[in-house]
Amino acid sequence: MKFPVAVKQFVISLSALAAFAMAEPVLMEGVAAVVDGKPIMRSEFLNNLYRFQETPEGSAMSEADQRKYVLDQMIEEKVLLSRIDRDSIVITDAEVDQRVNAHLSQLAASQNTDLATLEKAIRAQLGISMAQYRDQLSKQIRNHIEMARVRQRHVGSVTPTKKEVDAFFANYKDSIPQQFNCVLLSHIQLPIEPDSMIVDSVKRIADALIDTLNLGMSFELLAKAHSQDTSAAKGGDLGYFKRGQLDPAFERALDLLKNGQYSSNPVKTKLGWHIARVLGRKEDGVRSAQILLRTIPTAKDSAAVLARADSLRKAIKTTEGFAAAAKKFSEDKSSNFAGGRLGWFQRNEMEPAYVEPVANLNVGEISEPVLIDGAYHLFRLDDSRQTRDLTLDEDYGKIEQMAATHLENQKLEALVKKWRDEVHIEIRMTE
């Protein structure tokens, strides 16, 4: 059985851009179809058709079926995008720029190079400047974000049962792509915590601010003056969050408050001390505000954790020893129970921060301590293979996500069929 095909959501890559750059030139422009007043241009259709014809799925179809399939997919994408205006979804330029920068940084890291070298490679391989590449990438990423927002609003997230995951794997295991140039990693995460004296001194400041609030001072003014996060400019307003998206301790404090109330005691999280306030509630979430006073570790705190990580690295001699140390010392709750096991990764899909520490490790070796996001990590290379098939035992999390995406796609496809009947579609291309 073939892997499920849903409404296509493309984030452009070097290979996709290369295919676009090398596609046959279209001399006769025209409109292939109109969906809800928005055209699908003939050149756009043909470029997508050329790319699809090069895929295994496309090459197995007749040309007539290829053209019908590609146009149908493009119409469904336009139908999906027609919800942007209807749902008043707004994507800011700043959000797109942030995603573009992150994509370029990850692309450079996966190639073990810098942005300057990447720019030269883009110019040499694609014949376009970095500015032109960024412009094309921005359009694709904006499109991807827009469709993701529509998907999030109308479909949400699906958590498949184990039975559904097993059934998905049984049906589609022959079509799930292999992994190439992949590594099996474990890690130990040791966060840099501030000294107790810092924690206590910051709490005293938070207590004093609560006393000031009790005397009638405006929460918004105090947040603007003292809060140490980006919400300060908005008087501490964090906006709406669904249950489970905020720090558990912060959410528990909000649960005890009525609309307009603030916490009578500071709330401790890994960021520092918070004064929490409820601004409003919905059925699935809460609009809250905060005054955040960060507890920032000193250089001495960092040095102590580095020394601890280095000592731990030297003491570990076996695979079993690493797993035992991860269970005992690692603060990564998602992996410490499994002996620090992170799972399999393709090297070109690894987190950028992971690439360099494991690049030169042999199987069984442990990396030097590496600082990532306020914690020192020890990485262990457990295995390395050129190719491998995904299995339920070793890749359950990845397969579970695939199954969730499949179920979400089924819901989305049903919605798109319904939406197709609600918009005007005119197919103008006859050949």
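The values are calculated or read from the model by the stated rules, or taken from the named source; none is laboratory data. In this text the structure is predicted, and so the values were computed from the model without any measurement. Cβ atoms come from the backbone with ideal geometry, glycine included; neighbour counts cover every protein chain shown. Calculation scope for accessible area: heavy atoms of the full protein, side chains included, ligands and nucleic acids excluded. Shrake-Rupley method; radii C 1.70, N 1.55, O 1.52, S 1.80 Å.
Structure summary
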{"item": "Among the candidates LYS38, LYS68, residue that is of a type in the set (D, E, K, R) and either modelled with pLDDT under 90 or within 29 Å of ARG153 (Cβ to Cβ) (or both)", "result": "LYS38"}
{"item": "Of all residues in the stretch 265-281 being assigned to a strand (DSSP E or B) and of a type in the set (D, E, K, R), the one that is nearest to ILE205 (Cα to Cα)", "result": "LYS268"}
{"item": "Residue list for the stretch 394-412, restricted to those being surrounded by fewer than 18 Cβ atoms within 10 Å (Cβ to Cβ), under 29 Å from SER186 (Cα atoms) and not polar (S, T, N, Q)", "result": "GLU394, TYR396, GLY397, LYS398, ALA404"}
{"item": "Residues within the stretch 322-348 that are in a helix (DSSP H, G or I) and either surrounded by fewer than 12 Cβ atoms within 10 Å (Cβ to Cβ) or β-branched (Val, Ile, Thr) (or both), tallied", "result": "1"}
{"item": "Some residue of the stretch 365-377 being open to solvent by 60 Å² or more (accessible area, probe 1.4 Å), within 22 Å of the chain's Cα centre (by Cα) and farther than 19 Å from VAL158 by Cβ", "result": "yes"}
{"item": "Yes/no for ALA404 being in contact (Cβ under 8 Å) with a residue 12 or more places away in the chain, in a helix (DSSP H, G or I), touching a strand residue (DSSP E or B) at 6+ places or on another chain (Cβ under 7 Å) and not acidic (Asp, Glu)", "result": "no"}
{"item": "Residue count, the stretch 280-303 (criterion: open to solvent by 60 Å² or more (accessible area, probe 1.4 Å) and of a type in the set (Gly, Ala, Ser))", "result": "1"}
{"item": "Failed item in (1) surrounded by fewer than 16 Cβ atoms within 10 Å (Cβ to Cβ); (2) within 23 Å of the chain's Cα centre (by Cα); (3) not β-branched (Val, Ile, Thr), with LYS418 passing the rest", "result": "(2)"}
